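S.K.: Below are the structure tokens for one structure; questions will follow.
What follows is calculated from the coordinates using simple rules that are stated; it is not laboratory data. In this text the structure is predicted, and so the values were computed from the model without any measurement. Cβ coordinates were reconstructed from backbone atoms using ideal geometry, including for glycine residues, and neighbour counts include every protein chain displayed.
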Amino acid sequence: MAGTETKPRVATVWLGGCSGCHMSFLDLDERLLDLADKIQLVYSPIADVKEFPQNVDITLVEGAVTNDENEEMAHIIRKHSRYVLSFGDCATTGNVTAMRNRFGTEALIDRAYQELADISNSKPNDHTLIAQLLPQAIPLHHVIRVDAFLHGCPPTPDEIWFAINELLNGRIPVFNTQFLRYG
Amino acid sequence: MAVKTLTINGDQYSAQEGESILAVCRQHHIPIPTLCHLEGLSTVGACRLCVVQIEGNPRLLPACTTKVEEGMIIQTSTPKLEKYRRMIVALLASEGNHVCAVCVANNHCELQDLAYQVGLVRVRYPYLYPDKKLDATHREYVMDHNRCVLCTRCVRVCDEVEGAHVWDVAGRGINCEIVSGLGGNWGDTQTCTECGKCVMVCPTGALFEKGVTVSEMEKKKGFLKYIITARQKKEWISQSE
């Protein structure tokens, strides 16, 4: 494709969330076509790219930081992104992902992998294969510096459209009462 | 009663002796955020959201409990006040378990509204994720301490309006909590009349009716003014709210 090198490089990342924010992103519908003309999507759960690339202009991060893989990824994102946007309530507050925090990771693993197991009730122990839970799921800005926050569970397509366009125009999106919205 | 003249945000106002700064501001549509304050209940000055700056006084004073004085020069909205109010809402958010997305009071919550009002974009403090209880022993209602902001509106409405005094405050500091009876289950109290006033004045989803799910618990606070007006003036004027 001609001229792709000059388009802003955008990434979206899915950390400890339900992917609802990405679903809402896809609900941009026909605006996705406009967006495809304006940007180059260099990393995303909806694009098959294995490594987070360098020199990314804008990264949208969905989800709380809930395991060691998320934590490592957060630092990689920060290192290689000009603007980092907390994308949705889990990234901004911890939200539903952080509801597990008061129970402790042991109780949580027991509940998920043993008490509720139908067939195999073995617990994950090889953390080279499966990420290890952090003691608590925490908001993204408690791990790395975040430039802007997009709230909502999930943010609406209009809010996402506004945030992305502000960032594409070199402005930090400011969410007044119109867009500042939890839940 | 004597009339007091005072300056609020550079404009001159007159007020009755004994009136609070908040009452004067409300009369003149000067916005001041509040949480523990509720028209019809006593004032406790607990939440500190209504703090204002008064010239000559180095301390910030709550508008709800501070009475007007002759010649007072008051500021209700300065960068310092806005910063402090944002800090208060952030601290409230961090010391409870407030998850708007799954809350019965989502979109009908005064804490949520306050977060928007003060522009709380993110909370910098570590969230405490306290292990709080949920009391579902009552036949009609639930008390979820995870969502309680300790405004004590429930305590006051039950004592001052219903006259039952089911609720009270126990513990200190971070261990402070609302208790029913002498600290037992709400459903076991002999004093609760099941009137539901506490549920309706609760600003968050801490007190709610059984059977409601996410975003369904709308609090109707109009009843309070209705009852107070009826008792004081013998006028039974229905409230649309």
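S.K.: In deg cm²/dmol, rounded to 500, what helix-only [θ] at 222 nm does the protein assembly as shown give when every DSSP H run of at least 4 residues adds -39500 (n - 2.57) and the total is split over its residues?
M.R.: -7000 deg cm²/dmol
S.K.: Enumerate the amide H contacts of A:Q132 below 5 Å, restricted to partners 5 or more residues apart or on another chain; note that Pro and chain-start residues carry no placed amide H.
M.R.: Here the answer is A:D68, A:E69, since their amide H atoms fall under 5 Å of that of A:Q132.
S.K.: Right, something else. Using amide H atoms built 1.01 Å from N in the peptide plane, name the residues 5+ places from A:A64, or on other chains, whose amide H lies under 5 Å from its own.
M.R.: Placed amide hydrogens put A:G16, A:G17, A:A91 under 5 Å from A:A64.
S.K.: Near B:K221, which lysines are there with a Cα under 18 Å away, not counting those fewer than 8 places off in the same chain?
M.R.: B:K221 reaches B:K197.
S.K.: Toward the positive end of the charge dipole of the protein assembly as shown, about the Cα centre and with charges on Cβ (Lys, Arg +1; Asp, Glu -1), which of B:P126, A:A148, B:C50 goes farthest?
M.R.: B:C50
S.K.: Tell me, which longest segment in chain A has none of the trypsin sites (Lys or Arg not before Pro) that fall in DSSP loops with at most 16 further Cβ atoms within 10 Å?
M.R.: The longest such stretch corresponds to A:51-101.
S.K.: With everything on Cα atoms, drop me the angle between helix A:68-80 and the longest principal axis of chain A, reported from 0 to 90° to the nearest 10.
M.R.: The answer is roughly 20 degrees.
S.K.: Could you give each residue of the stretch B:84-97 its phi-based ³J(HN,Hα) in whole Hz, using Karplus coefficients 6.51, -1.76, 1.60 with θ = phi - 60°, and x for Gly or Pro?
M.R.: Values, residue by residue: 5, 5, 5, 4, 4, 5, 5, 5, 4, 5, 7, 9, x, 10 Hz.
S.K.: Of B:C154, B:M200, B:P79, which is farthest on the positive side of the dipole of chain B, counting Cα position, with +1 on Lys and Arg Cβ, -1 on Asp and Glu Cβ, and the Cα centre as origin?
M.R.: Sorting the options by dipole projection puts first B:P79.
S.K.: Moving on. Within the stretch A:4-168, how many Lys pairs that are eight or more residues apart, or on different chains, come under 26 Å at the alpha-carbon?
M.R.: So the count of such lysine pairs works out to 6.
S.K.: Relative to the longest principal axis of chain B, what angle (0 to 90°, nearest 10) does the C-alpha long axis of helix B:222-233 take?
M.R.: Here the helix axis deviates by roughly 60 degrees.
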